[in-house]
1. Which residue out of Lys235, Lys283 is among the charged types (D, E, K, R) and in contact (Cβ under 8 Å) with a residue 24 or more places away in the chain?
2. Could you list, in sequence order, the residues of the range 69-92 that are within 22 Å of Asn378 (Cβ to Cβ) and polar (S, T, N, Q)?
3. Since Thr344 meets every condition but one in (1) among the polar types (S, T, N, Q); (2) surrounded by fewer than 20 Cβ atoms within 10 Å (Cβ to Cβ); (3) at negative phi; (4) over 18 Å from the mean Cα position of the chain (by Cα), which condition does it not meet?
4. Can you tell me which residue within the range 104-161, out of those that are in a helix (DSSP H, G or I) and of a type in the set (Lys, Arg), is nearest to Leu177 (Cα to Cα)?
5. Quick check: anything in the range 102-112 surrounded by 12 or more Cβ atoms within 10 Å (Cβ to Cβ), under 17 Å from Lys332 (Cα atoms) and in the same structural domain as Ser164 (by TED's automatic domain parsing)?
6. In the range 230-244, how many are in a loop (DSSP other than H, G, I, E, B) and closer than 10 Å to His356 by Cβ?
7. If you take the residues in the range 180-234 that are small (Gly, Ala, Ser) and surrounded by fewer than 19 Cβ atoms within 10 Å (Cβ to Cβ), which one is farthest from Ile46 (Cα to Cα)?
8. Evaluate the following for Arg360: is it more than 19 Å from the chain's Cα centre (by Cα), basic (Lys, Arg) and under 28 Å from Phe241 (Cβ atoms)?
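The values are calculated or read from the model by the stated rules, or taken from the named source; none is laboratory data. This one's a predicted model, so the numbers in the text were calculated from it and none came from an experiment. Glycine gets a Cβ as well: all are built from the backbone with ideal geometry, and neighbour counts include every protein chain shown.
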Amino acid sequence: MKFFSFRFLIKLLVFFISLSLLLLLVFGISYYTIDRIQKKNNLMDIEEYSPISTLVVPQNPKTRSKFPFIDVHSHHWNMPIMNLDNLIEEMDSLNMKYQINLSGSGLAVFSGKQDLMDLNLSKSINNIKKNYPERFGVFVNLDLSKIGRKDFKLNTEKYLLNASKIGATGLKIYKNLGLNLKDGEGNRVKVDDDRLQFIWEKCAELNLPVLIHSGEPIAFFQNIDKYNERWLHAKQRPSSFRPSDKYPSFEIVMSEQYNMFKKNPKTTFINAHMGWYGNNLSKLDQQLIDLPNVYVEFGAVINELGRQPVSARKFFIKHQDRILFGKDNYNKEEYYLYFQVLETSDEYIEYFRKRHGLWRLYGLNLPDSVLKKVYHQNALKIFPSINSNLFK
């Protein structure tokens with residue numbers, strides 16, 4: 001039975017094309033009108049608002065650190081095949097003598113394929129040994145999703161032992177532990193899960209420092225509304241936030257991490273990102289007093305320190321033996337701001353990433369003796385295999 005004639009189908013197609021063009025025209029006119037109204041009434045989104053300060057104060061930008069430094073927190077996912085020459089050239093220009101790549105096992109760590117993890121780690125270490133053996137360290141990573149399996153403990157201990165033998169300098173634990181890592185029964189794996197206790201004990205035995213990232217900034221756990229100081233981050237990167245219906249609270253994750261540190265006094269831990277207490281230095285102060293086996297590094301949180309220069313300076317001086325230099329994602333130009341905040345007394349410094357906080361930074365003007373410890377002396381204590389002659 002013939003339901004539609006060819007002529008009818010053509011008319012229907014023409015109708016829909018005409019309707020689509022009409023809608024595009026209407027939407028175009030609407031957007032144009034809204035844009036004109038916004039400009040006429042000086043309306044804009046917070047992402048567009050980029051005021052140029054009229055404040056006139058001394059500025060002392062830095063492109064090179066005052067003293068040679070070690071970056072204990074960097075990521076190079078392609079290190080197995082990476083040409084290191086350009087990176088070394090940039091490191092030399094920054095006065096960076098040593099860099100630790102925390103992503104030794106590469107993206108394979110998220111694939112659950114142990115053979116790929118092994119390959120990434122061995123090739124990363126071989127690339128370094130062949131080209132610049134004194135300038136890089138590599139951390140091993142673990143696939144914790146196999147927790148609870150019969151052979152999990154045995155295989156993990158073997159992997160850590162082999163990683164240590166071939167030259168890995170530490171263990172990096174990713175933030176999925178405590179947030180969304182599940183065991184075979186679908187339960188969240190806590191940071192202080194007893195089934196992981198052997199890992200921290202094995203690292204103590206092998207003298208492998210553990211750099212651990214637990215949780216997120218506290219604002220990421222709070223309601224996304226006009227009171228949240230990281231609202232712009234939520235708009236640009238909504239997946240970064242941790243709603244309470246899907247994730248544990250900030251306090252629960254941090255409490256689990258503290259318990260794990262406390263249970264393992266013989267293991268050296270580096271608490272990444274100032275333990276997300278860069279905005280609450282009194283809390284971090286108490287933790288460092290309680291936990292003599294824990295160090296901190298300030299990768300991606302220099303913006304928290306720079307907005308409270310008086311408190312941060314006091315904290316750095318008090319805990320000068322426990323703080324390491326860390327940057328997180330590698331970007332040569334972004335180091336400049338770190339140097340400026342640490343070394344100068346400059347005011348009203350503009351940060352390079354708006355979503356990390358709508359505020360300006362102020363220099364800590366740290367004493368040279370403190371700078372040297374933060375830049376390299378503290379790291380040399382933790383990583384004795386680094387050639388100390390690089391810093392003379």
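1. Lys235
2. Ser74
3. The single condition Thr344 does not satisfy is (2).
4. Lys146
5. No; the residues of the range 102-112 include none that is surrounded by 12 or more Cβ atoms within 10 Å (Cβ to Cβ), under 17 Å from Lys332 (Cα atoms) and in the same structural domain as Ser164 (by TED's automatic domain parsing).
6. Selection size over the range 230-244: 1.
7. Ala204
8. yes
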